[in-house]
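Report on one structure; see the data block that follows.
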Amino acid sequence: MGMTMTQKILAAHAGLESVAVGQLIEADVDLTLANDITGPVAIREMEKAGFDKVFDNTKVALVMDHFAPNKDIKSAEQCLTCREFSKKHHIVNFFDVGAMGIEHALLPEKGLTAPGELIIGADSHTCTYGALGAFSTGVGSTDLAAGMATGKAWFKVPGAIRFTLKGKLSPWVSGKDVILHIIGKIGVDGALYQSMEFVGEGVSSLSMDDRFTICNMAIEAGAKNGIFPVDDKTMAYIKDRVHRPITVFEADPDAEYEREIEIDLSALRPTIACPHLPENTKTIDELGHIEVQQSVIGSCTNGRIDDMRVAAEILKGRHVAPDVRAIIIPATQEVYLQCIEEGLTKIFIQAGAIVSTPTCGPCLGGHMGILAHGERSISTTNRNFVGRMGHITSEIYLASPAIAAASAVAGYICAPDDLE
């Protein structure tokens, strides 16, 4: 019986010739990841279990991004715990204020994730790195503690859904619209503990930033991971970033899938997830008139340079509506610097937006844009649960950077083509 991409990566890291759906395995990990929220928990669990060293100080990454720069005393203490642990164990990949970025944008940018690798992180959106043809998935802090100490983790081998992409995206339609369309189609549990494998001629038309966005939100469909095949765009992305041998895995022609879904990219319209679940989707044509008080462009889902460029293209020569707060958050220092060098930051500020240091910030209701009662936000983040971004009566509409930028100008949710 043939294997999927994910199954091949798991088999290789478990030292097995093959694996089957539902099989329990122990596998070697190439990288473990934690942030300023999950890191302290993992550190305490690791120490409680009696471990006094990490398995490899080059394969543990700690990124201070959720409440950093520290918003209060508790968040400062959490980061201090991670700093002290990193110094004690000589952690090479410790990223703090001034060097940090939003973890799932930062690690690929730094070349810490690569095709064929197995990556675990104590953050559910660790599935982002499947865009590079890696198996990456979120785990609990206790599992991460074991991974940091031993370099191993256990898995139940997932089945898979094959998404065959055809055609090419229309203007103002992006990877965010693709994944919101899919989640709207299959539901937030539609891929529960399965691998979402993206194939087809349409893949080649998607940018790497599109692919990162799509894999990032695989968890919002309940998936174990999302994964793309490795192609010329993948190799171009890792060139000059990854300087170690890589292994490219391909699904077998006779690999078994639990179901197959075809997506015509050319037929997709800008898609918005309405409160309070990512599956509650409508196209821009179906939405109606919905006013917003805040627009957030950033996060591990949509804070990369392509996202910044799209937002700037729409905001150039325009101004944010008087009753809207536009918050733009480049995902990493490198993206921030690119925004400055390309003149995007000037466009944002002249349009009446603010530009934040890289941080998760408002995505999880952390800081840099908390909503008051009854307020609505259009946001390029990944979750719109009740109270996710502030008051329990506030509402979050998930959308692409193009829609978020246009909505900031209009004062209500709209597409760029609808602006005067």
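Taking the stated definitions as given, is Ala402 under 21 Å from Gly288 (Cα atoms) and at pLDDT 95 or above?
For Ala402, the condition - under 21 Å from Gly288 (Cα atoms) and at pLDDT 95 or above - is met.
Can you pull out every residue in the range 384-398 that is in a loop (DSSP other than H, G, I, E, B) and either open to solvent by 40 Å² or more (accessible area, probe 1.4 Å) or in contact with a helix residue (DSSP H, G or I) (Cβ under 7 Å, 6 or more places away or on another chain) (or both)?
Phe385, Val386, Arg388, Met389, His391, Ile392, Thr393
Can you name every one of the strands (runs of 3 or more DSSP E) wholly within the range 195-289 that holds 3 or more residues which are surrounded by fewer than 23 Cβ atoms within 10 Å (Cβ to Cβ) and over 17 Å from the mean Cα position of the chain (by Cα)?
259-264, 281-283
With respect to His89, determine if the residue is in contact (Cβ under 8 Å) with a residue 24 or more places away in the chain, of a type outside the set (Asp, Glu), over 30 Å from Pro253 (Cα atoms) and out of contact with any Asp or Glu (no Cβ under 7 Å at 6 or more places or on another chain).
Yes; evaluated as a whole, the condition is true for this residue.
Considering only the range 314-330, I want to know if a residue exists there that is open to solvent by less than 30 Å² (accessible area, probe 1.4 Å), within 24 Å of Asp72 (Cα to Cα) and not in a strand (DSSP E or B).
Yes, the range 314-330 contains a residue that is open to solvent by less than 30 Å² (accessible area, probe 1.4 Å), within 24 Å of Asp72 (Cα to Cα) and not in a strand (DSSP E or B).
State the number of residues belonging to the range 197-210 that are hydrophobic (A, V, I, L, M, F, W, C) and free of Cβ contacts under 8 Å to residues at least 40 places away in the same chain.
Number of matching residues: 2.
Name the single residue that is most open to solvent (accessible area, probe 1.4 Å) among those in the range 335-373 being assigned to a helix (DSSP H, G or I) and among the polar types (S, T, N, Q).
Gln350
Give the number of residues within the range 102-151 that are polar (S, T, N, Q), assigned to a helix (DSSP H, G or I) and buried (at least 24 other Cβ atoms within 10 Å of the Cβ).
Residues in the range 102-151 being polar (S, T, N, Q), assigned to a helix (DSSP H, G or I) and buried (at least 24 other Cβ atoms within 10 Å of the Cβ): 2 in total.
On the basis of being crowded, with 21+ Cβ neighbours inside 10 Å, in contact with a Pro (Cβ under 7 Å, 6 or more places away or on another chain) and either of a type in the set (Lys, Arg) or within 21 Å of Ser400 (Cβ to Cβ) (or both), does Lys176 make the cut?
No: the conditions fail for Lys176.
So Val54 fits all but one of (1) under 28 Å from Thr357 (Cβ atoms); (2) touching a strand residue (DSSP E or B) at 6+ places or on another chain (Cβ under 7 Å); what number is the exception?
So Val54 meets the others, but not (1).
From the list Val41, Val19, which one is over 23 Å from Asp123 (Cα atoms), in contact (Cβ under 8 Å) with a residue 12 or more places away in the chain and out of contact with any Asp or Glu (no Cβ under 9 Å at 6 or more places or on another chain)?
Val19
The values are calculated or read from the model by the stated rules, or taken from the named source; none is laboratory data. In this text the structure is predicted, and so the values were computed from the model without any measurement. Heads up, the Cβs are rebuilt from the backbone with ideal geometry, glycines too, and the neighbour counts pull from every protein chain shown. For the accessible areas, the whole protein counts, side chains as well, though only heavy atoms, and no ligand, DNA or RNA atoms are used. Shrake-Rupley method; radii C 1.70, N 1.55, O 1.52, S 1.80 Å.
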